[in-house]
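So the structure is just underneath, and the comments pick up after that.
The values are calculated or read from the model by the stated rules, or taken from the named source; none is laboratory data. Please read all numbers here as calculations on a predicted model, not as lab measurements. Cβ placement follows ideal geometry from the backbone for every residue including glycine, while neighbour counts extend to all protein chains displayed.
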Amino acid sequence: MITLQQMRAARALLSIDQKRLAELAGVSLPTIQRMEASDGQVRGVVETLVKVVSALERAGVELIGENAPSQTGGRGVRLRQATAAKG
């Protein structure tokens, strides 16, 4: 669903820290910290993963899946639009 690298890159694109992502997703800071401590694929309760992915997408980040079209292939993130995710 989302990798550790995608999650960190998405936060970097949005210039938000783990605490702000937790607020945007409606989950606790320790939950985000545990998710980012995963190796490779982010692990967690599916409902929580959906909340985090949805929060990133609402903030303007497009998560690119393994087989999604891109210039160079692979996984990644793409900033869709300028956002007001900070705050």
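Of the helices (runs of 4 or more DSSP H) lying entirely inside the range 7-87, those containing at least 2 residues that are of a type outside the set (S, T, N, Q) and at pLDDT below 95 are 29-36, 46-58. The set of residues in the range 1-23 that are surrounded by fewer than 17 Cβ atoms within 10 Å (Cβ to Cβ) and either under 16 Å from Glu66 (Cα atoms) or touching a strand residue (DSSP E or B) at 6+ places or on another chain (Cβ under 6 Å) (or both) comprises Met1, Leu4, Gln5. If we scan the range 42-55, do we find a residue that is more than 10 Å from the chain's Cα centre (by Cα), hydroxyl-bearing (Ser, Thr, Tyr) and farther than 16 Å from Ala12 by Cβ? The answer is yes, given that some residue of the range 42-55 is more than 10 Å from the chain's Cα centre (by Cα), hydroxyl-bearing (Ser, Thr, Tyr) and farther than 16 Å from Ala12 by Cβ. Taking the range 24-36 as the range and being loosely packed, with under 14 Cβ neighbours inside 10 Å and either free of Cβ contacts under 8 Å to residues at least 12 places away in the same chain or at positive phi (or both) as the test, the residues that pass are Gly26, Ser28, Pro30.
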